[in-house]
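Please treat every number below as a calculation from the coordinates, not as lab data. The model shown is predicted, which means the values in this text are computed figures rather than measured ones. Neighbour counts run over all protein chains shown; Cβ positions are idealised from the backbone, glycine included.
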């Protein structure tokens, strides 16, 4: 059901073309769209995106709306970084994806990352002083980058002039999406 407070809000989801965790992309995209949010999925290339389930089994596929290189951070209220080990590893090696993360954070935007998604934040060197969560195997990377890693369902940190929303796994999607909705409701146009 559409939410009047979310009407007109825009989200950009960044993914690689192979390996994004199916539910970490599809659940937020579908739930946000159902709430009246416009969501664009940008991939590294214009090729079809092949999701995975549990990092191994083929999931649903979709065609990206645009490429990461074409994405303009100033057109969006929130940046979504889904997980999937292969996806997150590929994104942190993509210069355009890392620059998009930096553009969102330096402009005071909101970034939502789940599971392995925070790897792009570590690569962009933006987690220093932030409290966040992730898939447990990223804890050391986050701490080494100056972040305060915690084991919680969903964490929202608005320190440092921008908002970071993080969650651990697909099991936390309800709380993750709820935090994104809250942040979008309070975002200024």
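The table below lists the values:
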quantity: For segment 1-97: rounded, prolate or oblate by the Cα gyration tensor [a/c cutoff 1.5]; calculated: oblate
quantity: Efficiency of FRET from Cβ geometry, residue 47 and residue 185, R₀ 22 Å, rounded to 0.05; calculated: 0.05
quantity: Additional length obtainable on full extension of the chain from residue 159 to residue 34, 0.36 nm per residue less Cα span; calculated: 42.1 nm
quantity: Potential extension, residue 107-residue 69 segment - 0.36 nm per residue separation minus Cα distance; calculated: 11.9 nm
quantity: Rotationally averaged projected area of segment 93-189 (alpha carbon convex hull; nm²); calculated: 5.8 nm²
quantity: Largest-first principal axis extents, alpha carbons of segment 51-115, Å; calculated: 37, 22, 20
quantity: Relative contact order of segment 4-186, defined on C-alpha pairs under 8 angstrom at six or more residues apart (%); calculated: 20 percent
quantity: Segment residue 89-residue 61, extension gain: residue separation times 0.36 nm, minus the distance between their alpha carbons; calculated: 8.2 nm
quantity: Cα-derived Rg to Rh of the chain, Kirkwood definition; calculated: 0.92
quantity: Cα-based convex hull volume of segment 104-152 per residue, rounded to whole Å³; calculated: 68 Å³
quantity: Mean ellipticity per residue at 222 nm, deg cm²/dmol - from DSSP H runs of n ≥ 4 across the chain, formula -39500 (n - 2.57); calculated: -9000 deg cm²/dmol
